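Below is one structure, written out as structure tokens, with a few remarks after it.
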Amino acid sequence: MTESEIPSLVSLCVDAVKSDLLRGDDDLLPILHELPPNLLDLLVSRLPPFALQKLHRAMPFDDREDEFSDECIGNGRKRGRSSRAGDFDKAWRNLFILRWPEIGRRIEVIEPPEWQQIYWETHLQNCLDEVAEVASLPSFDGCLGEVKISDSLLELIGCEGDMATSTSGYSKLRHHCVHFGYLARCLRLQNIFCNEEICHLLRNSKLQSLELRWIRSKEHITGVCKLLNQNSESLKTLEFIHCTLSSASITEICSSLSPKSLQAHGIKHFSINTTKFLETNPSSVPVELVSFLSSGRSLYSLKLSDNHLGQKFAKVLFSTLLNASSSLSILDLSENNISGWLSELSALSKSNTRTPLRVGKSLQSLRELNLRGNNLNKDDADDLRYALVHLPNLEVLDMSDNPIGDDGIRSLIPFLMEASEKCTRFVDLMLENCELSCHGVTELIKTLSSLSRPLKSLSIADNDLGSQVAGVLGEFLCTPIQVLNAGGIGLRSSGFQVLQEKLTKELKLVEIDISKNRGGIETANFLSKLMSEAPKLAIVNAAYNLMPVESLTAICSAIKNAKAYGLERKYLGLSAGL
């Protein structure tokens, strides 16, 4: 062994402390608290997760800040932050980034997390996912809590070799739920966990977000309802995915979320996606769901996507929201089949032009409406015009994948003009694959270009417009538009040539998608001109344009020149474009 390989005395001591903590020697903890700051910092930075957790939980705490309730110990006292909270937080961050680098970088950008809490929450989710694979096998017949966690997961938290079994239960799911469950705030559970046992294992959790998958049977619903009732005061986000639900099961779920002790539930985000409703095209929304939507004053987003919902269901739902008092901001009804859902509202609005309909708080606060893929036609677009009058704060409208055609667009133009005149917040319009022609889009773009309050984002992708639309589209680029999706509209080489000629002044463009237009070398020439005229441009997707290899020279030169002007190019998509 060389001199550089000989461990230092400090390293040997740290290894000894780590081993003792992992083996359950809690008598050592009071001694560690009295270590000099520099040695304690060194110890904290080198301990594996499980040993660090034991040390962190046993540290003396200030009364000035409360952190986590020490419920799993049962002494009722509150835990606050240690006077060395920053050192522990840094250690937890390093451990998280080391184990889940991509997740760590992503959540750190969104909001600085409580690293200890998010570490054990993510670890517990990994354990649950692993146990779900074992418990889903037909041969499984036992208790979920007794399923052993794999050595690979145990090693990641520092329980290596015989350390995992030196203290009873370390290797089983039960231990991880009991000792780390109180730190879990957001979990994803498959149907195998929807039973009374998981309610007991997670009894110390105060879940704020719960995603439930593959809920199919009455037994699953019973387990779900117990878990929901157990977390009814803390739960804010609830999502069902790939489930099979009946009106009776929806009634049970809503009842569990609104216990009699609470006047109104606290759910902010409610979602049912890619789920089958047992009743075919139900004529009414379950009474408890109506009550749930009406009493949810905190409800912020409602997503019922890809559930094969029909016209009648959507009618009753919209009528309920018309009279509800929640502060709903996002309504997603995409990928259903609700054509005709607004016909009655439209007829009523046309017959009562002098007396406006009374609308509750829910729709007045709505900011985003997603109706993508609902088989809506031109008549539905005309009906929608009358509904949009009741959405004064609407910012985003997605009508993509609906065959509304040019006539449908013409029905929406009066709303766009009125929204601009009233200085509303409407900024984002998506009309992908709507069977639009060059004439309809030209009329739309000319209207948008004349608005006193212009859009920030427009998508007309996957409509067969042809190169004729290039002239008006180039002029539109010179307006304050920031995001444009014109992928797959058939521009070809001649269209890109016209676009290039229309770029006569500095643009405010930040993001553009011109993919799938078969523009060849003219795509590269357009990009070169675009980059010189759009100093804020950050994202470009020019994939699938059949550009020859020599296009790289022009594009690289344009990027180099753009950087010279201070432009930081974040993303340039050329996949399969060459």
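The values are calculated or read from the model by the stated rules, or taken from the named source; none is laboratory data. Because the structure is a prediction, the values reported are computed rather than measured. All Cβ positions, even for glycine, are placed from backbone atoms using ideal geometry, and neighbour counts span all protein chains on display. SASA here: full protein model, heavy atoms, side chains in, ligands and nucleic acids out. Shrake-Rupley method; radii C 1.70, N 1.55, O 1.52, S 1.80 Å.
In what sequence, largest accessible area first, do K18, K206, K536 appear using a 1.4 Å probe? If you can, show how the numbers build up before the last one.
Working: K18 60, K206 95, K536 135 Å².
Solvent-accessible surface, decreasing: K536, K206, K18.
Give the ranking of R174, R385 by solvent-accessible surface, highest area first, calculated with a 1.4 Å probe.
Working: R174 90, R385 65 Å².
Descending accessible area places them as R174, R385.
By a straight-distance test (C-alpha under 14 Å), which aspartates and glutamates pair with K236 as possible cross-link partners, with residues fewer than eight away in the same chain excluded?
E211
Starting from the residue with the highest accessible area, list D513, D141 in decreasing order, probe 1.4 Å.
On the way: D513 35, D141 150 Å².
So the residues, ranked largest to smallest area, are D141, D513.
Along the charge dipole of the chain, pointing to its positive end and built from +1/-1 on Cβ of Lys, Arg, Asp and Glu, which listed residue (P392, A524, S327) has its Cα farthest out?
So the residue furthest toward the plus end is P392.
Which one, A184, H200, V224, is farthest towards the positive end of the dipole of the range 184-238 when Lys and Arg carry +1 and Asp and Glu -1 on their Cβ?
Checking the options against the dipole of the range 184-238, the answer is A184.
Relative contact order (percent) for the range 444-514, with alpha-carbon contacts under 8 angstrom and 6 or more residues of separation?
It comes to 37 percent, rounded to a whole number.
Probe radius 1.4 Å, ligands and nucleic acids ignored: give me the carbon and sulfur share of the accessible area of the chain as a rounded percent.
So the carbon and sulfur contribution to the accessible surface is 50 percent.
Counting heavy atoms of the protein chains only and a 1.4 Å probe, report the per residue accessible area for the chain as a whole number of Å².
The answer is 47 Å² per residue.
Work out the length of the dipole vector of the chain about its Cα centre, built from +1 on the beta-carbon of each Lys and Arg and -1 on the beta-carbon of each Asp and Glu, and round it to the nearest 20 debye.
I would put it at about 1620 debye.
Taking amide hydrogens as modeled 1.01 Å from N in the peptide plane, which residues meet the under 5 Å criterion relative to I272, leaving out close sequence neighbours?
Answer set, sorted by chain and number: F240, K303, L304, S305.
Which value, in debye to the nearest 20, gives the size of the charge dipole of the range 392-517 about its Cα centre, when Lys and Arg are +1 and Asp and Glu are -1 at the Cβ?
460
Please name which of L43, V17, S295 has its Cα lying farthest along the dipole of the chain towards the positive end, using unit charges on Cβ (Lys, Arg +1; Asp, Glu -1) and the Cα centre as origin.
My answer, from the dipole projection, is S295.
List the trypsin sites (Lys or Arg not before Pro) within the range 214-265 that DSSP assigns to loop and that have no more than 11 neighbouring Cβ atoms inside 10 Å.
Sites meeting the loop and neighbour criteria: K260.
Mind sorting out which of (1) 1.45; (2) 1.07; (3) 1.05 is the real Rg/Rh (Cα atoms, Kirkwood Rh) computed from the coordinates?
Calculated Rg/Rh (Cα atoms, Kirkwood Rh): the matching label is (3).
In the structure displayed, which of K54/K268; K226/K268; K148/K218; K502/K560 lie more than 25 Å apart, Cα to Cα?
K54/K268; K148/K218
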